[in-house]
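Below: the structure, in structure tokens.
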């Protein structure tokens, strides 16, 4: 399983709009067969900072996710809301045990 943490900082006046767009994307994303989990978390000390925690079942699932209309709508909608470019960090799942890829 591949776990991706996407770090986002949005402009202060865009927090609510970002949350609405991101939650809509998360609800659609979790319906994809290649996505095991899709969490959206907001930092308590700085509400302009978010982390999307995306858990993919297969190596091909991230590319398939980026081809969906809901992802493309989210990407285009939130791009002007970003205070800084978003970044991501990839992790390999160790526990609970994964399928070995």
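Only the coordinates and a few stated rules stand behind these numbers; no lab work does. From a predicted model like this one, the values you see are computed outputs, not experimental measurements. Neighbour counts run over all protein chains shown; Cβ positions are idealised from the backbone, glycine included.
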Could you check the stretch 10-101 for strands (runs of 3 or more DSSP E) lying wholly inside it with 2 or more residues that are in contact (Cβ under 8 Å) with a residue 40 or more places away in the chain and surrounded by fewer than 13 Cβ atoms within 10 Å (Cβ to Cβ)? 87-92
Across the stretch 41-73, the tally of residues that are more than 14 Å from the chain's Cα centre (by Cα) and closer than 18 Å to residue 22 by Cβ stands at 6
